[in-house]
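What follows is a short report on a single structure.
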Amino acid sequence: MQNSTIICTLSLQEVSPTGNVIKQTLHKNVTLILGRDEFGEIQLQIEHPKKVTKLKVREIFVHKKFMTSGKATVKLPDQRLQLMLSNCPPDQLAVFIRTLQTKLEVLRQKGFVHQRTRLLSEAPRGFTEISPLTLKDLQAVNKAPGKNAGTTASAAGTRKRASGDSQENQARSGTSTATDGGIKRQKSFQGISPSKIVARPVTLNKEQNAVLQAVMSGKSVFFTGSAGTGKSFLLKRIIGALPPQHTFATASTGVAACHIGGTTLHSFAGIGSGKSELPQCVELASRPQVAQQWRRCRHLIIDEISMVDGDFFKKLEAVAGVIRKSDQPFGGIQLIVCGDFLQLPPVSRDRTARFCFQTSAWHRCIQMTMELKEVRRQSDTHFIRVLQAIRLGSCPQMVIDTLVNTVDNNIEREGVLATKLCTHKEDVSVINSSKLSALEGEMKTFIGTDSDSVYADNLDKLCPASGKLNLKLGAQVLLCKNLDVGRGLVNGARGIITGFDSTNEGFPVVRFVCGVIEVIKPVRWVFKISGGAMLARKQVPLKLAWAISIHKSQGMTLDCVEISLTKVFECGQSYVALSRAKSLEGLRVLGFSPNCIRANSDVLRFYQKLDLIQRMGAMPQPVEQRPGSSSGGVKPMKVW
């Protein structure tokens, strides 16, 4: 990822001394490049299709509220210009803004070249692309006394600072105002150092980086791997590297869609359940809003592909071609597909479901397949070997002994009880309701705020936090959103309600297994639905945690978990449940029998061929697969 270059849509606005927009020009696919002139001062080069413009940068104000959506506004007050950026890859935008602010602050500390020096200089005009950020740059900015990293002022400019409570409130909200020459302007990043502007450090291993490079080269990719190999982490990095207006992140379930900030594949497709005949599906997808979405899509991300029915995938490929009027694979859309076929299979009530790789559409669309091998969730090599055996449907004596011995594990910690993973959601509801009712004390109810109450049912399916949350003192809870990874406040972190904070509207106080005691305040989830509409829910990110379903646990890492495998009814279900545990010490298995460990034979053959290809170090070549009984009687086909 280049620190100094970004491609985006640019709205360039000239503003009056009073802040009104005088002139506005819109440019698509503009390249912005950070560089230095012949004096080493910063310039912003704007490469339009027909011309190149260079802007001197000495003072900036940045609005970053919508940066995660690929949008930001950069104001150049000394030139009375503002640049409204959109459709930027979010991660690249964050790094670009970080580089601009940090380099400008370092330059400001050194001092700008005097105008007289510029006029007397005979040096030829030049432009050199700016160098990447260094640790020295960040240290210089962070150590500078009294510097506001959110804004860089000119040497001659003056700034008035807000004081007291006003300044504190502005810092919390991320915005503030500055007065310069009688003009009031907004600025962001109040009190935040440039080193913290980028949301998350991107640390990809060799396997993950190879997948990212393949995606950026335009290939349609399927990447897979066992639980805990960082598939979701990589998927978020891919989403952050693609232009938001043309990228649609989807998943087979609402829970998985929520983890990547997207919507369900069915909602994106707009063809209902997909069980109708193709002409009816095309008619549904031809509705104006749905068709516009299909035509705008250039990159389609599908997470948890194992739960997508093969016939539905095949129908989607046909619909894409008709709506986009293209005979290219998937209508010319690049596919980024992720999941593990050895985990939960497609759900089908009336027939035997097919996996996506058992369809001709899969062979037609997927150009590259890679399997991630490095497990990151668990650090115990013995536990990793146990899980890998179970994933493949194998249950040697080593696995039996390990799991049977967990029955006596004392995994309760400081009042935090083990979460029971259940195969059926009805059992989860009964357990949680009865346990909460048995607690003494007053019930506290937290009602979520939805952007549109009409879509409350949709939000209940998409959002991990329910619209209504009942809690009592002593309730067992888990966090359902990453709040602070560094402190252990991650999705799946277990805790217990120790009180309700009277100074913060009675929000719950939770003591987590990791030792952190925190007041949990409402947070916001945003979702896209069919037609491109946006829905949002603001709610306390907690769930009752006496029990949780295996389906709902996907994507979570649980500190202490109890599992009864007696009701397992799907291939891969035992593996999904067991792989939620962070360690063997935090796991207790009840009712274990080797018969609980099962893997689909067709999927095993698929992965055996994939593993062979990957170990040979060659690009995937088509190989013949003979579908078994679960293939629905299809003829032998080629898979990658």
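Rule-based calculations on the coordinates, nothing more; no lab input. Source: prediction; values computed, not measured. Backbone-built Cβ (ideal geometry, glycine too); neighbour counts: all protein chains shown.
The table for this structure:
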quantity	calculated
Extension reserve of the PHE127-LYS461 stretch, reckoned as 0.36 nm per residue once the Cα distance is removed	115.0 nm
Inter-centroid distance (Cα atoms) of the range 295-325 relative to the range 375-424, Å	36 Å
Label-point gap, in nm, between ILE517 and ARG364 - each point 7 angstrom along Cα→Cβ	6.2 nm
Prolate/oblate/rounded label for the range 267-316 (Cα gyration tensor, a/c 1.5)	oblate
Where labels lie 7 Å past Cα in the beta-carbon direction, separation of ASN205 and ASN482 in nm	1.7 nm
Positive-end extreme of charge dipole, the chain - chosen from VAL404, GLY230, PHE500 (charges on Cβ)	GLY230
Cβ crowding within 10 Å averaged over residues, with 243-255, 115-127 ranked highest first	243-255, 115-127
Estimated 222 nm signal from helices in the chain, with DSSP H stretches of n ≥ 4 weighted -39500 (n - 2.57), rounded to 500	-8000 deg cm²/dmol
Within-12-Å neighbourhood charge of MET67 [Cβ basis; K, R +1; D, E -1]	+3
Cα→Cβ-extended label distance, 7 Å offset, between GLU277 and THR445, nm	5.0 nm
The range 19-97 shape via C-alpha gyration tensor axes, a/c threshold 1.5	rounded
Spin-label zone in the range 302-341 - amide nitrogen under 20 Å from a point set 7 Å from the Cα of SER286 along the C-beta vector	315-328, 330-332
Charge dipole magnitude, Cβ of K and R +1, D and E -1 - the range 380-457, Cα centre, debye nearest 20	340 debye
Extension gain (nm, one decimal) between LYS468 and LYS373, 0.36 nm per residue minus Cα-Cα	30.2 nm
Whole-angstrom gap from the range 563-607 to the range 463-517, using each part's C-alpha centre	28 Å
Dipole in debye (nearest 20) - the chain, about Cα centre, beta carbon charges: Lys, Arg +1; Asp, Glu -1	1840 debye
FRET efficiency estimate (nearest 0.05) - Cβ-Cβ, ARG118 to LYS65, R0 30 angstrom	0.25
